[in-house]
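In what follows, a structure is listed as structure tokens, so that the remarks can point back to it.
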Amino acid sequence: MSEEERDFLKIVNLKKGFGRGETRQEVLRGMNFSVAKGEFCVILGPSGSGKSTLLNIIGGIDNADSGYISINGDKLEDMGEKGLTKYRRKHLGYVFQMYNLIGNLNVKENIEVGAYLSDCPLDIDELLHTLGLYDHRYKLPNQLSGGQQQRVSIGRAIVKNPDILLCDEPTGALDYNTSKEILKLIEEINKKYGNTIIMVTHNEAIRHMADHVVKLRDGGVRHHDINTSKVSAAELEW
């Protein structure tokens, strides 16, 4: 792997705070790490450790106070508003804890919403088979289980074929068995399409299936490790 690929996503001395004066709270306190291209990176930490704030800055939803993030050598802070909009549209996919599906569109149509944002979307029928949703493609969201709805959400994010898939607690609202099915799906997508995946979670067990594990505490990187003994999502227990 080249140095450019190893530093595909680079976070340098990133700082972010909220509020002013005595009420100001420093959320990110000089964060540094890199994520390689195609890597499955899990970001762990308790509530208040800065996970969601970090993900929002990587996603171009929020801005840092200082430091920078670069994607494939391009700094987000240098992009401007139009550049950031294009970056989010062309290069990022989002999967949230809540599914945020469009209620009056069926499964296939919800996924097509993501395809319209890309110049080179994945084949929707092939993706529906990968997601295990082909037989449900004409159902509305309220006719689906929670796990199926999250699969649609993942499909909408991945159909753009984004460079980076950001997952914010994607199994947080799901039961144990359904959570494992979603994790197996994300694992399969990473292997099949090669997208860089960054997943924020409080579930320590998920770190065992990741290539790279970053642990946060009090707005800083406590430590980060390359996982040399990965296990499959199917083998996870918690």
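For a quick check of your reading of the model, give me the residue pairs whose first member lies in the range 73-100 and is under 30 Å from Thr178 (Cα atoms) and at pLDDT 90 or above, whose second is part of a loop (DSSP other than H, G, I, E, B) and among the charged types (D, E, K, R), with beta-carbon atoms closer than 6 Å and at least 6 apart or on different chains. Qualifying pairs under 6 Å: Gly93/Lys160.
Filtering the range 53-87 to residues that are of a type outside the set (S, T, N, Q), in a helix (DSSP H, G or I) and more than 22 Å from Val200 (Cα to Cα) leaves Glu77, Asp78, Gly80, Glu81, Lys82, Gly83, Lys86. Within the range 1-52, the set of residues being of a type in the set (D, E, K, R), under 30 Å from Gly194 (Cα atoms) and not in a strand (DSSP E or B) comprises Glu3, Glu4, Glu5, Arg6, Asp7, Lys37, Glu39, Lys51.
Any residue at all in the range 188-195 that is of a type outside the set (Phe, Trp, Tyr), free of Cβ contacts under 8 Å to residues at least 60 places away in the same chain and surrounded by fewer than 18 Cβ atoms within 10 Å (Cβ to Cβ)? Scanning the range 188-195 turns up at least one residue that is of a type outside the set (Phe, Trp, Tyr), free of Cβ contacts under 8 Å to residues at least 60 places away in the same chain and surrounded by fewer than 18 Cβ atoms within 10 Å (Cβ to Cβ).
Residues considered: Leu117, Leu76, Leu92, Leu84. Of these, the only one that is in contact with a helix residue (DSSP H, G or I) (Cβ under 6 Å, 6 or more places away or on another chain) and surrounded by 13 or more Cβ atoms within 10 Å (Cβ to Cβ) is Leu117. Cβ separations smaller than 9 Å between residues 6+ apart or across chains give the following pairs from the range 162-184 residues that are surrounded by fewer than 22 Cβ atoms within 10 Å (Cβ to Cβ) and small (Gly, Ala, Ser) to residues that are part of a strand (DSSP E or B) and modelled with pLDDT under 95: Gly172/Thr201. When the residues of the range 166-192 are filtered to those that are in a helix (DSSP H, G or I) and of a type in the set (Val, Ile, Thr), the one that is farthest from Met209 (Cα to Cα) is Thr178. Taking the condition buried (at least 19 other Cβ atoms within 10 Å of the Cβ), under 19 Å from the mean Cα position of the chain (by Cα), within 17 Å of Val35 (Cβ to Cβ) and free of Cβ contacts under 8 Å to residues at least 40 places away in the same chain, does Gly60 pass? In short, yes. Can we say His208 is surrounded by fewer than 22 Cβ atoms within 10 Å (Cβ to Cβ), modelled with pLDDT of 95 or more and within 18 Å of Ile164 (Cβ to Cβ)? Spelling it out, it is not the case that His208 is surrounded by fewer than 22 Cβ atoms within 10 Å (Cβ to Cβ), modelled with pLDDT of 95 or more and within 18 Å of Ile164 (Cβ to Cβ).
Scanning the range 223-235 for residues that are touching a residue at least 40 places away in the same chain (Cβ under 8 Å) and either more than 18 Å from Leu28 (Cβ to Cβ) or surrounded by fewer than 16 Cβ atoms within 10 Å (Cβ to Cβ) (or both) gives Ser232, Ala233, Ala234. Report yes if Asp65 is acidic (Asp, Glu) and more than 27 Å from Val213 (Cβ to Cβ), otherwise no. The answer is no for Asp65. Listed by first and then second residue, the pairs linking a residue in the range 113-137 that is on the phi > 0 side of the Ramachandran plot to a residue that is in a helix (DSSP H, G or I), with Cβ atoms under 9 Å apart and 6 or more places separating them unless they lie on different chains, are Gly132/Gln148; Gly132/Arg151; Gly132/Glu181; Gly132/Leu185.
The values are calculated or read from the model by the stated rules, or taken from the named source; none is laboratory data. Here the structure is a predicted model, which is why all the values come from computation and not from measurement. Here Cβ is always computed from backbone atoms with ideal geometry, including for glycine, and neighbour counts include all displayed protein chains.
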